[in-house]
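One structure is given here, and the rest of the page talks about it.
The values are calculated or read from the model by the stated rules, or taken from the named source; none is laboratory data. No experiment lies behind these values; they were computed from the predicted model shown. Cβ sites come from the backbone with ideal geometry, for glycine too, and all protein chains shown count toward neighbours.
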Amino acid sequence: MACCGHRTTPLAVVVVAGRLLAGQSAPGHVLENDHLRVVFSVSGALVELTNRVTGHTYVREGQLPPWRLFYRTGHGYYQPGDALDVEISPLGQRPRIELGQDTITLSYADLAARSPRSDQTRSLPVSLTVKVHLERDQLSWVCTVVNREPEIEVTEVWCPWLSGFDHLGRGPQADVLYWPEAAGRRIRHPRAFLQSLPGASLKLTYPWPASMQWFTLNNGDEGLYVGSHDRTLMTTAFQVTSTSVLDVAVIKYPFVRPGEAWSSPPAVMRLYQGTWHEAARFYRLWTASWLPAPQPPSWIRKLAGWAHPQLGRKGQFGHYRGSYADYPSQWSAARQAGLGALIVFGWVQQGFDNRYPEYEPDPALGGEAALREAIRHVGAAGGRLILYTQGQLIDPVTPFYSARGRAIAAKTIWGDDYREQYAFFGSGTFLELMRNKYFSVACPSAPGWIEQLESQFEQIARYGAHGMIFDQMGGRPPYICFDPAHGHPRPSLANAPGKVANMQRLRQRIKSHDTEFAFVIELAADCYLPWVDITHAWGPGFYPAPDSFGELLRYTYPEAVLTNRSDTPRDRRAHYGHAFTLGLRFDARLADLQDPEVGPYLRRLCELRNQYADLLLEGRFVDCEGFYANNPRVAAHGFLSGNRLAVALWNPEPTHQRVEIVAPGYRLRAIERLEPRAVAYDEPLGPNEVAVWIFEK
């Protein structure tokens, strides 16, 4: 589809204060320019938000001021008698409202709050300022909290909390929510969708499972962008709720202690014209001002995908599958399929997902000498072998945990470890019903953890591997850590800032050893992409599903090398066809190469990728921009390199589909199909069939 940006008109700010607004019994405060109009009531409620370019009013039923606070009694670890999650509601609060030429400020000298020990309301010595700045088609929100109460800590701040959102002008059924969960979700008619969920809401933490700090509502012609422009990488949540209308919120966890003041990084709302791509470009422009682009080695940019074997690994509970000596033949199978690397998970004596961070070659698989020799053979045959380690989990039964891990583990507000469960089971019932394999989670800011990660790299490098993966390093919930010994300035600044610092240090160490060595992490978040070479991703967008929308992350960060991922796909060909058209590198099972239906399909996709690597692998993913596809049932995505454009097609439908591509300014040079033969441009695509159209200016 063709995409258009927003129109630019001269800036002319008009401030109207204290006048009577139509349909209201009390005066309101107005900020407006050529792009948008914002109206606050005298109680501080946002009662109107209008796109003046399109004439559409988005907020019609706003009743509440655009904020919400929570506090706890005490601070640090929970103590008996502490009260948690005590709300400071904006209802009944009377702000002092100041209007500037392009700013409105809501100020509350003291807030009224319910006492946690009674139903009575008291005046709390906590002041709040909400400053809203208007510029072109954007509103920037900054919230400042000053805590003068010696017995509480302000834990949670919602700002903006936009209530009463109606629709974008064509009815709620035309609106689409583009939600940054993993690679992305596309949720049509979000009001109806949300009302089908428990609590009628979606919540998402960043970084991960949100891969980015923004989302948008869009109807194809215009949209509302909501973004947290937070370079501190504080643990953040986004929420969209549906009642009769929509509420949206950006949520921070500042933990403002007695005597402290805290100001939020700006949250930005933008009323733009065009498709969701305009919102993605706007967010990317902001992140590009402080996040560098990824710089993977050339062989990784040209990587069609990797293979991972079932053989040559040991399971969590001691099940062996082959030996290290299998790796060269497994690499040979991957190479013949057109894949560029072999990634191995359960290579350690301890077994996969067991006794982390212990990683020792297994004598039963051949021992260290056999491991080294297998890696050497793979390299001599032109291959790359990537070995697995964990980047976050610590097994509490290990000597490491007793000696150092307990101190490193991220701590909950109750002072114990965060715990995650990963347990496997076979055909029996004991492990299925009674599995209780738990892991503690390292706080990335804790002293000693980066040294442990570096030691894992040193070990893998000694074996001669060509890369390594740090599992979970790019994700899992961004745990808020309360251990004061870890040195993070606030509990909510423990996770992402610590991970970024660790990745920067690891990258420097890895690349000083070998610039070609692959630094791989699992799970995708944009703040980690610049420091790694490959992200082994998981979640919506990385596999085909009705609301899966990998275009969201791929278009925003086309330079990032991301794999596809689906642990139990029903249709393996759809799994690879989806990845092919999005430019996701194949996370291929070696078993699929032996499958009589899936194997030839995957080999042909790799052949096409390698034949047109400059476009399909190294080209810039442009989604649907620059060309038109006349059949929306067929996935069609473009890859641009110089004066050449490739459009990758995949038919996810169970029936044949015809599609025609028109690329203005380009000449069609070739059409490649699943079967390598001459075809007519309008020959239909069969189910799961792919094609590539090559254009040149």
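On the given criteria, is residue 216 touching a residue at least 24 places away in the same chain (Cβ under 8 Å), surrounded by fewer than 24 Cβ atoms within 10 Å (Cβ to Cβ) and within 20 Å of the chain's Cα centre (by Cα)? No, not satisfied. Among the residues of the range 468-491, those identified as touching a Phe, Trp or Tyr at 6+ places or on another chain (Cβ under 6 Å) and under 29 Å from residue 297 (Cα atoms) are 469, 474, 475. Residue 79 fulfils the conditions (1) part of a loop (DSSP other than H, G, I, E, B); (2) assigned by TED's automatic domain parsing to the domain that holds residue 250; (3) at pLDDT below 90 except for a single criterion, (3).
Yes/no matrix, rows are residues, columns are (1) part of a strand (DSSP E or B); (2) touching a strand residue (DSSP E or B) at 6+ places or on another chain (Cβ under 6 Å); (3) among the aromatic types (Phe, Trp, Tyr):
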position: 113; (1), (2), (3): yes, yes, no
position: 122; (1), (2), (3): yes, no, no
position: 129; (1), (2), (3): yes, yes, no
position: 139; (1), (2), (3): yes, yes, no
position: 143; (1), (2), (3): yes, yes, no
position: 154; (1), (2), (3): yes, yes, no
position: 168; (1), (2), (3): no, yes, no
position: 203; (1), (2), (3): yes, yes, no
position: 208; (1), (2), (3): no, no, yes
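The condition (being within 29 Å of the chain's Cα centre (by Cα) and surrounded by fewer than 20 Cβ atoms within 10 Å (Cβ to Cβ)) is satisfied by just one residue among 626, 619: 626. In this structure, residue 585 qualifies as surrounded by 20 or more Cβ atoms within 10 Å (Cβ to Cβ), at pLDDT 95 or above and under 25 Å from the mean Cα position of the chain (by Cα).
Among residues of the range 663-679 that are over 27 Å from residue 601 (Cβ atoms), those with a beta-carbon under 7 Å from a residue that is of a type outside the set (Gly, Ala, Ser) at least six positions away or on a different chain give the pairs 665/697; 666/645; 666/695; 666/696; 666/697; 667/695; 667/696. Against the condition within 27 Å of residue 284 (Cα to Cα) and either touching a strand residue (DSSP E or B) at 6+ places or on another chain (Cβ under 8 Å) or assigned to a loop (DSSP other than H, G, I, E, B) (or both), how does residue 544 come out, does it pass? Here the answer is yes, as residue 544 does meet what is asked.
Taken over the range 243-252, the residue count meeting the criterion of being surrounded by fewer than 24 Cβ atoms within 10 Å (Cβ to Cβ) and closer than 16 Å to residue 227 by Cα is 4. Check residue 444 against each of (1) touching a helix residue (DSSP H, G or I) at 6+ places or on another chain (Cβ under 9 Å); (2) more than 30 Å from residue 153 (Cβ to Cβ) and name the one condition it does not meet. Residue 444 satisfies all of (1) touching a helix residue (DSSP H, G or I) at 6+ places or on another chain (Cβ under 9 Å); (2) more than 30 Å from residue 153 (Cβ to Cβ) except (2). Among the residues of the range 410-453, those that are touching a residue at least 40 places away in the same chain (Cβ under 8 Å) and aromatic (Phe, Trp, Tyr) comprise 414, 418, 422, 424, 438, 439, 449. Selection of the range 618-631 for residues being assigned to a loop (DSSP other than H, G, I, E, B), within 22 Å of residue 652 (Cβ to Cβ) and in contact (Cβ under 8 Å) with a residue 40 or more places away in the chain yields 624, 625, 627. Those strands (runs of 3 or more DSSP E) of the range 382-441 in which at least 3 residues are more than 17 Å from residue 456 (Cα to Cα), considering only elements entirely within it, cover 419-421, 438-441.
Being in contact (Cβ under 8 Å) with a residue 12 or more places away in the chain, in contact with a strand residue (DSSP E or B) (Cβ under 8 Å, 6 or more places away or on another chain) and either not β-branched (Val, Ile, Thr) or not in a loop (DSSP other than H, G, I, E, B) (or both) is a property that holds for residue 456.
Could you say which residue among 503, 473 is closer than 22 Å to residue 291 by Cβ, in contact with a helix residue (DSSP H, G or I) (Cβ under 9 Å, 6 or more places away or on another chain), outside any loop (DSSP other than H, G, I, E, B) and of a type in the set (A, V, I, L, M)? The unique qualifying residue is 503.
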